[in-house]
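The values are calculated or read from the model by the stated rules, or taken from the named source; none is laboratory data. All of these numbers come straight from a predicted model, not from anything done at the bench. The area values use the complete protein model at the heavy-atom level, side chains included, leaving out ligands, DNA and RNA. Shrake-Rupley method; radii C 1.70, N 1.55, O 1.52, S 1.80 Å.
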Amino acid sequence: MTGKMLASIQTTRRRVLAALATGVLAMGLLTSCFPNTRYVDYRHTDVRGWEKDSVLTFYVSPLDEGGPYVEELGLRTEGSYPFLRLSLVIEQQLFPSGKLLTDTLNLPIYDQQGKPIGRGLSIYQQELPFRFLHINEGDSLAIRIHHNMLRRSLPGVTEVGIHLLKRE
């Protein structure tokens, strides 16, 4: 191996290690900044069109701690979304009780001037609380989300997520 190749390998190794260290540090900061977060997950949709029959499913594993919780919907959209609002149906089943919960949300995506609501430059992020729950220790959730718009295929919705936060 030449000295030039060896130097290139060492440089690449240093960059990979620096990237890994940065990722570990970022994850540590995120979890310490949001200590009440018990679950966060997002599902991608086809940005060219989220089909009406495409159901996004989330499974929350049994929780270690019971008590009051708040659920938030995370929504990421881009400028190609064609409407001011988005209608979603969220169906949940709480286990082991089997209790069924259904919510229909009508969410603003743009304000009246057509400016996106949410944070971002080309992808806009919103977190919207939608339900307060009392969950027992060991309970889990199965959550299904689909859009309830008249248009069959909705462009511009990139991801939909669920956040579960423990209330103090």
Probe radius 1.4 Å, ligands and nucleic acids left out: which of PHE83, PHE58 has the largest accessible area, and how do the rest follow? PHE83, PHE58
Arrange the residues ARG144, ARG76 by how much accessible surface each exposes, largest first, with a 1.4 angstrom probe. ARG144, ARG76
For the range 107-168, state the semi-axes of the equivalent ellipsoid (square roots of 5 times the eigenvalues of the alpha-carbon gyration tensor), sorted largest first and rounded to whole angstrom. 28, 16, 11
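Expressed as a whole percentage, what fraction of the accessible surface of the range 33-155 belongs to carbon and sulfur atoms when a 1.4 Å probe is rolled over the protein heavy atoms?
Of the solvent-accessible surface of the range 33-155, carbon and sulfur hold 53 percent.
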